[in-house]
Structures are given as structure tokens and as C-alpha cells.
1. Please work out which one of (1) under 23 Å from residue 330 (Cβ atoms); (2) at pLDDT below 95; (3) not aromatic (Phe, Trp, Tyr) is the condition residue 235 fails and give its number.
2. Can you say whether residue 183 is over 30 Å from residue 30 (Cβ atoms) and open to solvent by 50 Å² or more (accessible area, probe 1.4 Å), as far as the supplied structure shows?
3. Report the residue count in segment 97-114 for those that are open to solvent by 40 Å² or more (accessible area, probe 1.4 Å) and either farther than 20 Å from residue 374 by Cα or among the β-branched types (Val, Ile, Thr) (or both).
4. Output the residue which, of all residues in segment 238-277 that are buried (at least 21 other Cβ atoms within 10 Å of the Cβ) and polar (S, T, N, Q), is modelled with the highest pLDDT.
5. Restricting attention to segment 291-304, and to residues there that are out of contact with any helix residue (DSSP H, G or I) (no Cβ under 7 Å at 6 or more places or on another chain), open to solvent by less than 70 Å² (accessible area, probe 1.4 Å) and not in a strand (DSSP E or B), which single residue is nearest to residue 174 (Cα to Cα)?
6. Hey, does segment 62-71 have a residue that's surrounded by fewer than 14 Cβ atoms within 10 Å (Cβ to Cβ) and part of a helix (DSSP H, G or I)?
7. Mind counting the residues in segment 280-290 that are closer than 14 Å to residue 232 by Cα and open to solvent by 80 Å² or more (accessible area, probe 1.4 Å)?
8. Considering only residues that are in a helix (DSSP H, G or I) and open to solvent by 70 Å² or more (accessible area, probe 1.4 Å), which ones fall in segment 37-48?
Amino acid sequence: MDMKKIYTYIRLRFSELKHRIFYPKRYDKMIIAIKKYKNCPASMKKNKYQIKREIKLLKDYWGCYPLHYYRYELYKKEKELSDEELLDYIPEFFFYRLFLPKFEDKRYKFLIEEKNITDTYFRGLGIKTANTLAKVIKGSLYNSAMENEKPENFITEIKKKGIQKVFFKPVDGQGGYGIDIFSLIEDEYLTKEGIKLTEEYISNLKNDYIIQEKLEQSEKLNKIYPNSINTLRIATENINGNIRILCATLRIGRDGKEVDNSAQGGIVLGLDVNTGESKKNAITELCEKYYSHPNTNFQFGEFKIENWSETMEIIKKLARKIPYFRYLGWDIVLSSKEEIIAIETNLSFGIDHYQIPLGGLRKVFKIENPKEWWE
């Protein structure tokens with residue numbers, strides 16, 4: 001082993017140690033998961049010897065401490081899995097620090113890590129995306145043609161067009177955080193919190209933003225939950241133009257929220273990647289199960305995405321247009337006009353978002369020997 005490999009191995013080991021120590025203390029979902037494990041009644045847990053054996057099994061196989069054992073509640077009796085089934089769950093550290101980085105091309109990451117750039121990039125590729133009304137860049141407002149726009153003129157113009165709902169999204173935002181959603185009420189744009197869309201609001205924005213009109217989703221998705229756009233999250237693999245759909249879920253909002261992000265309390269419905277048929281239940285990031293939607297009572301058991309094969313073929317075409325990255329996580333809207341709209345695509349898409357509703361994905365990602373990845 002040469003010095004470069006030795007240095008890389010030591011750096012990874014140090015990084016894994018930091019992850020093991022600090023992730024359970026700083027990441028809110030992990031903090032809750034550990035607390036739930038400690039408070040879980042003994043009658044619902046596997047016995048302590050089995051838990052200890054399974055943790056060791058996972059640690060020895062993956063080469064890192066299996067914090068996902070707690071995140072996915074694999075310690076519960078109801079998760080009575082074989083060793084092979086347990087090993088199928090990919091640890092987050094392994095996925096984000098060893099697996100995905102092997103396929104990244106850092107030269108092109110900026111194309112999909114900044115929403116304003118991604119919007120321009122998608123339009124150049126002919127990828128249908130949300131209607132962009134304006135952009136805030138370095139404190140200045142630009143219209144859709146990238147011409148300077150006065151905030152007061154922008155507000156007047158969108159009122160004239162009768163645009164009912166406007167999303168202000170930070171360009172580097174994740175998990176639905178930092179988004180302001182303005183609804184046209186009488187003659188003013190207001191958020192649910194009472195923030196008014198004014199020249200002063202736009203002028204005081206500290207970050208860069210993309211400003212988009214709300215999309216209209218298909219009636220079938222509207223019936224599940226109408227307050228948010230409920231998006232498909234599709235993971236794709238691109239090897240020299242050969243596209244494989246890896247896994248699929250439907251993200252659904254709840255409790256009056258206008259975003260569907262699981263980090264914002266949304267629920268996730270696992271989908272069969274071959275048929276578009278749903279699992280019997282949806283689930284949250286905290287492993288709370290729902291057999292029907294908590295607000296609309298929509299029953300998940302027999303739900304299926306229509307025209308699934310055609311939709312997947314369109315998504316394959318989208319992935320083929322972005323050859324710089326092997327793995328992408330797409331946020332897709334099935335619109336009321338029966339169009340496939342790509343909201344964005346992500347490099348470091350949430351592996352937990354997929355594994356909690358779908359189960360372990362080791363075989364899906366064709367990871368055969370984790371030890372090779374450490375080398």
C-alpha cells in the first residue's frame with residue numbers, strides 16, 4: 001500500500017470516528033432515534049444479546065459503526081430479519097463518504113448544487129421545470145430573461161398575471177428549509193406567518209433565491225393531500241448512457257404544510273420500481289407508519305402511479321442528458337397537464353429517505369464487498 005492510500009485510509013477512519021461520536025449528538029433525527037431506542041419497552045425489543053450480535057455483524061461487514069441500526073429501528077422484534085437482510089441496509093457514513101464520492105466529478109457539481117444555475121442548465125437541455133418568475137442574485141433582482149428588475153415592478157407584474165402562489169427558495173436550501181410561500185389574498189401576497197411580499201422584503205434578502213410559481217399537480221395526487229405538491233423521488237444510475245431506475249418513493253405533505261419534504265414532517269410512500277404500485281403504508285423519517293393519510297384519510301394500500309412505464313422512460317431520458325454523474329436523485333412532479341416536471345436533481349440524495357420505506361438497498365446499488373471501498 002503506497003503512502004497516498006495509507007493517508008486516505010487514516011483520514012477516512014478519523015472521519016468515521018468523528019461521525020460515530022458527533023452524529024448522534026448533533027443530528028436531530030439521530031438524537032430522537034437514540035432516545036426512542038432507550039425508551040423502547042423491552043417487550044418490543046430483541047434481546048440484548050441479539051442486538052449486540054447484530055450490531056457487531058453490521059460493523060464488521062461495513063467497516064463502520066451501524067448508527068442506522070437505531071435510525072431504522074432494526075432493534076425491534078417486528079424487524080426480525082435474516083443476517084443477509086440486515087446487511088442490505090447501507091450505513092449513511094459508507095454511502096456518503098465512501099460510495100458516492102467514487103463517482104463524483106467535482107468539476108460539474110455546481111450545475112446541480114445551486115438552484116439558479118440548475119434552472120438555467122435544465123432549460124438549456126430542454127428539461128421541463130417549474131415556471132421561474134425571477135431570481136435574486138447578489139442582492140439584485142432579475143427577471144426570467146436575466147434582466148434587472150425593480151422589486152415593485154415585479155410585484156405589480158405578477159399581480160397583473162393573476163399568479164396565486166409564489167415560492168421564494170434559497171438556492172442552496174435543503175429539506176424544504178428557508179422557503180417563503182406567498183399567497184395572493186385580496187390585493188397582497190402574504191405568507192401563513194403574515195410576512196408581506198414588498199419591495200423591502202426582496203431588498204433585504206441576504207441569500208440568493210429562485211422565485212417560482214406554484215405548480216398544479218395531477219388530480220390523483222391532489223386527492224392524497226392538496227396543500228403541498230407531492231413529488232416523486234426517483235434515484236437513477238447512469239453508466240455510459242445506460243440508465244437504470246434504482247428506487248422510487250412518493251413524498252407527501254401533511255398537517256397543513258405546503259412542502260412535502262420528509263425533513264419537514266412529510267411522509268414517504270415506497271413504490272415498486274417496476275410497477276409504480278405502493279407499499280401498504282407510508283412512513284416518516286422517524287419510522288411512524290400510516291396506512292392512510294392523517295389529514296385526508298386517503299388509503300395507501302391500493303395506490304398506483306398511472307402510466308408508470310412511460311414516466312420512467314421519460315426520467316431515463318432526463319438522466320441521460322446529464323452524463324457527468326452516475327447517481328442522481330430526482331424530484332419529479334406529475335402535473336395536472338399530464339406533464340413530467342423536474343423540480344431538481346440531487347447528488348447527495350437521502351439514502352435514509354429510501355431505506356426507511358423500502359428496506360436495504362445494498363443489492364440495488366450492487367455493493368458486493370464493502371472492504372474494497374475502504375481500500
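The values are calculated or read from the model by the stated rules, or taken from the named source; none is laboratory data. Keep in mind that this is a model prediction, so the values were computed, not measured. As a convention, Cβ positions derive from the backbone with ideal geometry for all residues, glycine included, and neighbour counts pool all protein chains shown. We work out accessible area using only protein heavy atoms, side chains counted, and drop any ligands, DNA or RNA first. Shrake-Rupley method; radii C 1.70, N 1.55, O 1.52, S 1.80 Å.
1. Failed condition: (2).
2. Numbers: over 30 Å from residue 30 (Cβ atoms): yes; open to solvent by 50 Å² or more (accessible area, probe 1.4 Å): no.
Against the criterion (over 30 Å from residue 30 (Cβ atoms) and open to solvent by 50 Å² or more (accessible area, probe 1.4 Å)), residue 183 does not qualify.
3. Let us first name the residues in segment 97-114 that are open to solvent by 40 Å² or more (accessible area, probe 1.4 Å), namely 97, 101-104, 106-110, 113-114.
With either farther than 20 Å from residue 374 by Cα or among the β-branched types (Val, Ile, Thr) (or both) added as a condition, the list becomes 106-110, 113-114.
Summing the residues that are open to solvent by 40 Å² or more (accessible area, probe 1.4 Å) and either farther than 20 Å from residue 374 by Cα or among the β-branched types (Val, Ile, Thr) (or both) in segment 97-114 gives 7.
4. Taking the candidates together, the pick is 249.
5. As a first pass, look at segment 291-304 and keep what is out of contact with any helix residue (DSSP H, G or I) (no Cβ under 7 Å at 6 or more places or on another chain): 291-292, 294-295, 297, 299-304.
Narrowing the set further to residues that are open to solvent by less than 70 Å² (accessible area, probe 1.4 Å) leaves 292, 294, 300-301, 303.
Filter once more, so that each one left must be not in a strand (DSSP E or B): 294, 300-301, 303.
Details: 294: 25, 300: 27, 301: 30, 303: 28 Å.
So, considering only residues that are out of contact with any helix residue (DSSP H, G or I) (no Cβ under 7 Å at 6 or more places or on another chain), open to solvent by less than 70 Å² (accessible area, probe 1.4 Å) and not in a strand (DSSP E or B), the one nearest to residue 174 (Cα to Cα) is 294.
6. In the first step, residues of segment 62-71 are kept if they are surrounded by fewer than 14 Cβ atoms within 10 Å (Cβ to Cβ); the result is none.
Taking every residue of segment 62-71 in turn, none turns out to be surrounded by fewer than 14 Cβ atoms within 10 Å (Cβ to Cβ) and part of a helix (DSSP H, G or I).
7. Keep residues of segment 280-290 that are closer than 14 Å to residue 232 by Cα, which gives 282.
Adding the requirement that they be open to solvent by 80 Å² or more (accessible area, probe 1.4 Å) leaves none.
Residues in segment 280-290 being closer than 14 Å to residue 232 by Cα and open to solvent by 80 Å² or more (accessible area, probe 1.4 Å): 0 in total.
8. Of segment 37-48, the ones in a helix (DSSP H, G or I) are 37-39, 42-44, 48.
Residues satisfying the conditions are 38, 39, 42, 43, 44, 48.
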